[in-house]
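For reference, the structure is listed below as structure tokens.
Computed from the coordinates by the stated procedures, all read-outs in this text should not be read as laboratory data. This is a predicted model, so every value here is computed, not measured. With ideal geometry, Cβ positions are generated from the backbone for all residues, glycine too; neighbour counts draw on all protein chains shown.
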Amino acid sequence: MISKNKYNIWFADLTHTAQGISAATFPLGVSYVYSYAKKTLGKEFDFKLFKFPNHLSEALKEKVPLMLCFSSYSWNFELSYKFASIVKQKNPNGVTIFGGPNFPTVTDEMLEFLKKRSNIDFYIELEGEIGFVNLIKQLAKYNFDAVKLKENGETLLNTSYIYENRLIHGPKDRIKDVNVIPSPYLTGALDKFFDLSLVPMIETTR
């Protein structure tokens with residue numbers, strides 16, 4: 001049962017900004033996960049969405065969220081992992097989640113990838129929406145203690161993690177009807193990004 005107290009869950013699709021904005025687009029992919037999670041779990045959690053590293057850095061000075069979730073691509077993985085490491089330093093019990101295409105597809109390589117990156121608690125594959133919500137519901141059973149969940153060897157939908165150098169790899173599922181995912185534009189999830197130097201995107205196929 002999920003507690004009535006609100007928990008902080010933050011999402012980030014970060015871009016490098018040292019020499020201009022490297023990926024000057026709205027955080028569309030992760031905003032779908034954000035919108036679906038808010039629709040499904042919104043009464044229990046306080047969600048935030050980030051694009052720029054300085055905005056996330058400033059927010060972390062005020063508070064460390066229960067969970068920090070990253071949309072991971074080849075161009076922002078190291079930046080995201082640095083923030084995951086910072087969160088783990090501030091709160092070792094904080095839960096870090098990565099998702100996106102920057103993850104191996106071969107089991108041995110998945111294990112090696114996660115063994116080298118101990119500050120990633122869980123990696124969600126394929127569409128993140130249903131895998132993420134499933135992960136939250138499973139973590140809630142353990143009062144959001146990721147270690148206890150891992151100790152019990154829980155298999156998680158579309159999600160991989162390691163425990164004692166062993167890869168725990170969950171079953172795969174795909175979204176059957178994209179209409180169950182709210183539009184992040186229509187729900188207002190992306191409103192604040194119109195005020196930034198970013199280009200809106202839409203997705204016509206999935």
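Tabulated data for the structure shown
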quantity	calculated
Rg/Rh ratio calculated on Cα atoms of the stretch 65-158 (Kirkwood radius)	0.93
Packing-based order for 59-69, 30-40, 16-26, using average beta carbon neighbours within 10 Å, highest first	30-40, 59-69, 16-26
Magnitude of the charge dipole, the chain, Cβ model with Lys/Arg +1 and Asp/Glu -1, debye to 20	480 debye
Cross-link pairs 82/116; 6/39; 115/172; 90/137; 51/116; 82/192 - those with Cα-Cα distance over 20 Å	115/172; 90/137; 51/116; 82/192
At R0 = 25 Å, FRET efficiency that the Cβ-Cβ distance of residue 16 and residue 62 yields, to 0.05	0.60
DSSP-defined antiparallel bridges as percent of all bridges, the chain, nearest 5	25 percent
Mean Cα-pair separation over length for the stretch 11-152, i.e. relative contact order, pairs under 8 Å, 6 or more apart, %	24 percent
Matching label, percent of Cα pairs over 26 Å apart computed from the structure shown, candidates (1) 35; (2) 63; (3) 29	(3)
Fraction of beta bridges assigned by DSSP in the stretch 90-197 that are antiparallel (%, nearest 5)	65 percent
Rg and Dmax [Cα atoms of the stretch 54-93; Å; Rg one decimal, Dmax integer]	10.2, 29
If the convex hull is drawn through the Cα atoms of the stretch 1-57, its volume per residue in Å³	73 Å³
